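The values are calculated or read from the model by the stated rules, or taken from the named source; none is laboratory data. Computed from a predicted model, the values in this text were never measured in an experiment. Virtual Cβ from ideal backbone geometry, glycine too; neighbours counted across all protein chains shown. To get the accessible areas, we keep the full protein, side chains included, count just its heavy atoms, and leave off ligands, DNA and RNA. Shrake-Rupley method; radii C 1.70, N 1.55, O 1.52, S 1.80 Å.
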Amino acid sequence: MIKYQGMEFQTSNNVYEPAEDTFLLGDNLMVRKSDSVLEIGTGTGIIAILASKKAQSVTAIDINKYAVECASNNAESNAANVDIRLGDLFEPVIDEKFDLILFNTPYLPTSEEEFVDDELEAAWNGGEDGRSVINRFIKDLPLHLNPYGRVQLVQSSLSDVEETVAMLMDLGFEVSISARERFFFEEIVVLTGQLI
């Protein structure tokens, strides 16, 4: 059990436990009252639940069935109205669009020898260069945003933040780093983009 922003959240051994990157995003959410919000990789559901306290509607997705169960329990115990679905990236919302999309990406560069093949791996395994999931996410992102839609994503300096900024700009986003925190071997950033 962890406490954050006046709420309590249960954790699970099979679900990514909220850490500094989670709280960096949580402390810097840019949610508006009129927003329809999508969170990819919801984990324990903390970010989706925080967003639901402001937004008009929140949908949350995770590829880990234990995360879907954990997030559902946390949403219920915190009286949060969140639609939680099981699936990979945008698959569960194939024809849907949102005003704001949130994603604490799996950004750690991971060689094949480092694969552990468990439920938690999807939360951190970013492939050889840390970008395999980030690139897939960005490619489909515009298809799921309303006009002038926004994105907030978390990633590490280990997985080339400049590349993410360039990809988003190529797709017509205005991009800024809205938060950053340095750790001993990396910097974690929250990138915020808006379609223009």
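Note on region 142-196: among residues that are among the acidic types (Asp, Glu) and assigned to a strand (DSSP E or B), the one that is least open to solvent (accessible area, probe 1.4 Å) is 187. Evaluating residue 92 against the criteria (1) modelled with pLDDT of 95 or more; (2) open to solvent by 60 Å² or more (accessible area, probe 1.4 Å) leaves one unmet condition, (2).
One residue stands out among those in region 18-30 that are assigned to a helix (DSSP H, G or I) and among the hydrophobic types (A, V, I, L, M, F, W, C): the one that is nearest to residue 146 (Cα to Cα), which is 25.
Among the numbered conditions (1) in a loop (DSSP other than H, G, I, E, B); (2) acidic (Asp, Glu); (3) modelled with pLDDT under 95, the only one that residue 113 does not meet is (1). Can you pull out every residue in region 31-48 that is β-branched (Val, Ile, Thr) and in a loop (DSSP other than H, G, I, E, B)? Once the filter is applied, which keeps residues that are β-branched (Val, Ile, Thr) and in a loop (DSSP other than H, G, I, E, B), region 31-48 yields 31, 42, 44.
Residue 75 falls short of the stated requirement of being over 23 Å from residue 135 (Cα atoms) and part of a loop (DSSP other than H, G, I, E, B).
In summary, residue 13 fulfils each of the numbered conditions (1) part of a loop (DSSP other than H, G, I, E, B); (2) in contact with a helix residue (DSSP H, G or I) (Cβ under 6 Å, 6 or more places away or on another chain) with the single exception of condition (2).
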